[in-house]
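**Student:** First the structure, which I've put down as structure tokens, then a few questions once you've had a look.
What follows draws every value from the coordinates through simple rules; no lab data is involved. Because the structure is predicted, anything quoted here is derived from the model rather than measured. A quick note on method: Cβ atoms are made from the backbone with ideal geometry, for glycine too, and the neighbour counts reach across all protein chains shown.
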Amino acid sequence: METETKGYEIKNFGKRDYVEAVGRRKTSVARVRIYPSAKATMVVNNKDVNDYFSTDDERTIARDALSKPKVTNKFKITAKVSGGGTHSQAEALRHGIARALIDLDHELRKTLKKMGYLKRDPRMKERRKFGLKKARKAPQWSKR
């Protein structure tokens, strides 16, 4: 017996061939395009998502926007990612996918917003101040 998972199905793309959105995190930027397809694939910078992201944690972060709201449609997702590290790029990709899904179907907004995928993470590296070694680390103090 096959168990059928109840998921949310997106109706149609209208007259568009694809939906495009931009996701950001720290200095990483991800340009995401979602195409309707019979087979689910995800390509990042012309590589398969499993080849581009080395750890399972980064792969699950990249796929979270599709798996958590249980979108049952099969999509071909292509993304151009630049800047930052791979973890930051995975989060930018998740942000871009979530924004593109909202563009496809506005009813997903409530669930994606509740999970925090629509908010751009504002945390950035603090700038270095003069007289200090890093943002807050002072040189060693000596009495004499």
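**Student:** Please give every one of the lysines within straight-line cross-link reach of Lys74, meaning a C-alpha to C-alpha distance under 30 Å, and leave out same-chain neighbours fewer than 8 residues apart.
**Tutor:** List returned: Lys6, Lys11, Lys15, Lys26, Lys39, Lys47, Lys110, Lys113, Lys114, Lys119.
**Student:** If exposed chymotrypsin sites (Phe, Trp or Tyr not before Pro) are those in a DSSP loop with at most 11 other Cβ within 10 Å, what is the longest stretch of the chain that has none? Could you put the intermediate results ahead of the total?
**Tutor:** Numbers: sites that count: Phe130, Trp141.
Formally, the longest exposed-site-free interval is 1-129.
**Student:** Could you work out how far the C-alpha centroid of region 79-144 sits from that of region 45-72, in angstrom?
**Tutor:** Here the two parts' Cα centres lie 17 Å apart.
**Student:** Run through the DSSP bridge list for the chain and note the antiparallel percent, rounded to the nearest 5. Don't jump to the answer; show the numbers that get you there.
**Tutor:** Values: 17 of 22 bridges.
Restricted to the chain, the bridges split so that about 75 percent are antiparallel.
**Student:** Tell me the trypsin sites (Lys or Arg not before Pro) within region 63-114 that lie in a loop according to DSSP and have at most 13 other beta-carbon atoms within 10 Å. Can you show the working numbers first?
**Tutor:** Details: sites: Arg63, Lys70, Lys74, Lys76, Lys80, Arg94, Arg99, Arg109, Lys110, Lys113, Lys114; in loops: Lys70, Lys74.
Filter output for region 63-114: Lys70, Lys74.
**Student:** Can you list residues whose amide H is under 5 Å from Thr41's amide H, if they're 5+ apart or on another chain and H is modeled 1.01 Å from N?
**Tutor:** Under 5 Å from the amide H of Thr41: Phe75, Lys76, Ile77.
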